[in-house]
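Peer 1: This is the structure I want to talk about, given as structure tokens.
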Amino acid sequence: MKNYAEFRALPLLTMISNFLTGQGIKPYVVGGLVRDILLNRETADVDIALNADALDIVPEIAASVGGKYVLLDRENKVARLILAGRETPLVEASWEIDFSSFEGSIEQDLARRDFTIDAMAVELGQMVDHLQTLPGLTSVKGGGGSFSLPGLIDPFGGLNDLRQGVVRVVSEAVFVADAVRLLRAVRLAAEPGFSLDKKTEALVQRDSSLIAGVAGERVREELLRLLALHRTDKLLLYLDKLGLLMAIFPELEGTRGVEQPREHYWNVFDHSLRTVAAVDFVLRQGEWEYAGEEVLETVPWSAVLSQHFDREVSGGSNRRLLLKLAALLHDIAKPQTRTILASGRVRFLGHAKDGSDMVAGMLERLRFSTKEIRLVETLVRHHLRPTQMSQEGLPTPRAIYRYFRDTGEAGIDILFFSLADHLATRGPNLNLANWKEHVEVVEHVLSRHFEEESIVRPPKLVDGHDLISIFAMPPGPEIGEVLEAVREAQAAGEITVRDEALSLVEKLLSSAHSSGS
């Protein structure tokens, strides 16, 4: 946000301020909007505190400005105003504004909040006046400025903490009161490059186990917002140091220190974190300290692929974020499947399948959507497939067909995951020749997928009605097996027209009859 006058919520805040003033209500802007204006950054976090019952007032505001009222918390009198920009006059963008109620003074209300940088307030009318009249503002961190919002109410020194770049609790009880704040503390620090002060960090470590008692959907929301930040692997490592990572995913504890075959540079837990970093690298979102541009330049990329990974899966998640989540969890079943052969070689037979089952349960616990769970489960279950498509040379059309048949919408994601997994396996011991061979396979499969859609979804030459009417097959699973054999033959280029398909069916049924199957 480079200029106050450009702030897109200004017309809406002006309407709300005028309405509430007319009702004799004194509203305060609190928390995120105040913090982000002081940090000179874009914000979508708007909270307004009222010395009145929000459950009575917000429906009236919604009717006045053409928005929708949503009840969030009846006991604590918290409500939300939702506006769709295209449908609301004078409002350019869609907004969600939360309204809370308080009794007593605004200072007493701020004392119940979590962190000092969010325990600041400005009267809404004053905020609107200054947003309209001031041409710009100076960041308080790194810019050397001494900017302060006129009328800033700051009883706990939040402005100074912004200047110092620290996140500090208002009181020692904040995490006991609401344990989701444990994750929020880390995110609030990570977003602008701040750090937790020592006391706050110690409190997070003390209370980290409380996160297990938070509603899964709230943990999911904070986790996704953390996964969207830069250097996600470092953040996950910090969550582990604080005790939060294992409190959220206790199943990960078993991966710590589990040794792997000699081609792996790291143990299972460290490899999982490195795979998250490698995913960011191959998706052009981060660095990989063990390889430079010459490695990244070999990885296929395009605007179409970038859009694919940015595509939303469910509210708050996209394919990019869920690929990083899969990277963290993809080897979750290795400890329970670890065996040592007579030769001394370590194997993890079945870990991908067992892991996908475990991951599904873990994400259900955190209330991820069915669509999200299905995608991550598929990523984990088939993460080894790209390297199994061909023993030598490029995969055949039949192998590519089978791959996309089994992986479905996750097929492209798994190809890129396999590259990240390769980097996180070899680490500093990466063999460039082997890497280029792997990339060549990925590039070939991608090109066949995009250029020859018929390999993935070949046109239908025969159907179940044909098998019943022409070949007198009884309804049952055998019909599906025969049709799948026909589709595979099409993908391999062995048949192209209906007569060839019918001839193939005849051969298949004849062979089955002669073998008694």
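The values are calculated or read from the model by the stated rules, or taken from the named source; none is laboratory data. Just so you know, these numbers come straight off a predicted model, no measurement behind them. Backbone-built Cβ (ideal geometry, glycine too); neighbour counts: all protein chains shown. Accessible surface areas use protein heavy atoms only, side chains included; no ligands, DNA or RNA. Shrake-Rupley method; radii C 1.70, N 1.55, O 1.52, S 1.80 Å.
Peer 1: Return the only residue of 223, 210 being open to solvent by 20 Å² or more (accessible area, probe 1.4 Å), within 26 Å of residue 373 (Cβ to Cβ) and either among the hydrophobic types (A, V, I, L, M, F, W, C) or at pLDDT below 95 (or both). Walk me through it before giving the result.
Peer 2: Working: 223 fails: open to solvent by 20 Å² or more (accessible area, probe 1.4 Å).
The conditions single out 210.
Peer 1: Another one. Identify all residues within region 226-272 that are closer than 25 Å to residue 316 by Cα, surrounded by fewer than 21 Cβ atoms within 10 Å (Cβ to Cβ) and touching a Phe, Trp or Tyr at 6+ places or on another chain (Cβ under 9 Å); write none if there are none.
Peer 2: Of everything in region 226-272, just one residue is closer than 25 Å to residue 316 by Cα, surrounded by fewer than 21 Cβ atoms within 10 Å (Cβ to Cβ) and touching a Phe, Trp or Tyr at 6+ places or on another chain (Cβ under 9 Å), namely 240.
Peer 1: Let me ask something else about it. State whether one or more residues within region 80-94 are part of a helix (DSSP H, G or I) and either open to solvent by less than 40 Å² (accessible area, probe 1.4 Å) or not acidic (Asp, Glu) (or both). Spell out the reasoning first.
Peer 2: Initial filter on region 80-94 (part of a helix (DSSP H, G or I)): 85-87.
Next, only the ones that are either open to solvent by less than 40 Å² (accessible area, probe 1.4 Å) or not acidic (Asp, Glu) (or both) stay: 85-86.
Scanning region 80-94 turns up at least one residue that is part of a helix (DSSP H, G or I) and either open to solvent by less than 40 Å² (accessible area, probe 1.4 Å) or not acidic (Asp, Glu) (or both).
Peer 1: When you go through 411, 427, 393 one by one, which is the residue that is over 21 Å from residue 352 (Cα atoms) and open to solvent by less than 10 Å² (accessible area, probe 1.4 Å)? Spell out how you get there, then give the answer.
Peer 2: On the way: 411 fails: over 21 Å from residue 352 (Cα atoms); 393 fails: open to solvent by less than 10 Å² (accessible area, probe 1.4 Å).
Checking each option against the conditions leaves just 427.
Peer 1: Restricting attention to region 479-511, which residues are in contact (Cβ under 8 Å) with a residue 12 or more places away in the chain and open to solvent by 80 Å² or more (accessible area, probe 1.4 Å)?
Peer 2: Once the filter is applied, which keeps residues that are in contact (Cβ under 8 Å) with a residue 12 or more places away in the chain and open to solvent by 80 Å² or more (accessible area, probe 1.4 Å), region 479-511 yields 487, 498, 506.
Peer 1: Ok, one more. Is it fair to say residue 201 is modelled with pLDDT under 95 and either more than 30 Å from residue 426 (Cα to Cα) or of a type in the set (Gly, Ala, Ser) (or both)?
Peer 2: Criteria not met by residue 201.
Peer 1: Here's a follow-up. Give me the residue from region 397-437 that is of a type in the set (Lys, Arg) and over 20 Å from residue 301 (Cα atoms) and, out of that set, farthest from the chain's Cα centre (by Cα). Even if it seems obvious, please write down each step before you answer.
Peer 2: Of all residues in region 397-437, those of a type in the set (Lys, Arg) come to 398, 402, 405, 426, 436.
Cutting the leftovers down to over 20 Å from residue 301 (Cα atoms) gives us 398, 402, 405, 426.
Working: 398: 33, 402: 28, 405: 25, 426: 26 Å.
Of everything passing the filter in region 397-437, 398 is farthest from the chain's Cα centre (by Cα).
Peer 1: With the condition kept exactly as written, say whether any residue in region 52-68 is assigned to a loop (DSSP other than H, G, I, E, B) and within 30 Å of residue 170 (Cα to Cα). Walk me through how you get there before you give the answer.
Peer 2: Start the filter on region 52-68 by keeping residues that are assigned to a loop (DSSP other than H, G, I, E, B), which leaves 52-53, 66-67.
Remaining after also requiring within 30 Å of residue 170 (Cα to Cα): 52-53.
Looking through region 52-68, at least one residue is assigned to a loop (DSSP other than H, G, I, E, B) and within 30 Å of residue 170 (Cα to Cα).
Peer 1: Going by the structure shown, is residue 117 assigned to a helix (DSSP H, G or I) and modelled with pLDDT of 95 or more? Before the answer, list the steps.
Peer 2: Details: assigned to a helix (DSSP H, G or I): yes; modelled with pLDDT of 95 or more: yes.
Yes: the conditions hold for residue 117.
Peer 1: In region 364-385, which residues are of a type in the set (A, V, I, L, M, F, W, C), free of Cβ contacts under 8 Å to residues at least 40 places away in the same chain and touching a Ser or Thr at 6+ places or on another chain (Cβ under 9 Å)? Please lay out each step first, then the result.
Peer 2: Pass one, region 364-385, residues of a type in the set (A, V, I, L, M, F, W, C): 366, 368, 373, 375-376, 379-380, 384.
Then keep just the ones that are free of Cβ contacts under 8 Å to residues at least 40 places away in the same chain; that gives 373, 384.
384, the sole residue that qualifies.
Peer 1: Determine whether residue 346 is of a type in the set (A, V, I, L, M) and under 16 Å from residue 275 (Cβ atoms).
Peer 2: Values: of a type in the set (A, V, I, L, M): yes; under 16 Å from residue 275 (Cβ atoms): no.
It is false that residue 346 is of a type in the set (A, V, I, L, M) and under 16 Å from residue 275 (Cβ atoms).
Peer 1: When region 295-320 is examined, which residues are found to be farther than 18 Å from residue 413 by Cα, over 21 Å from the mean Cα position of the chain (by Cα) and in contact (Cβ under 8 Å) with a residue 12 or more places away in the chain?
Peer 2: Step one: filter region 295-320 for residues farther than 18 Å from residue 413 by Cα, giving 295, 297, 315-316.
Retained after the next criterion (residues that are over 21 Å from the mean Cα position of the chain (by Cα)): 295, 297.
The answer is 295, and nothing else.
Peer 1: Please specify each residue of region 18-51 satisfying the condition of being under 33 Å from the mean Cα position of the chain (by Cα), at pLDDT 90 or above and assigned to a helix (DSSP H, G or I).
Peer 2: Residues of region 18-51 under 33 Å from the mean Cα position of the chain (by Cα): 28-49.
Adding the requirement that they be at pLDDT 90 or above leaves 28-30, 34-35, 47-49.
Residues satisfying the conditions are 34, 35.
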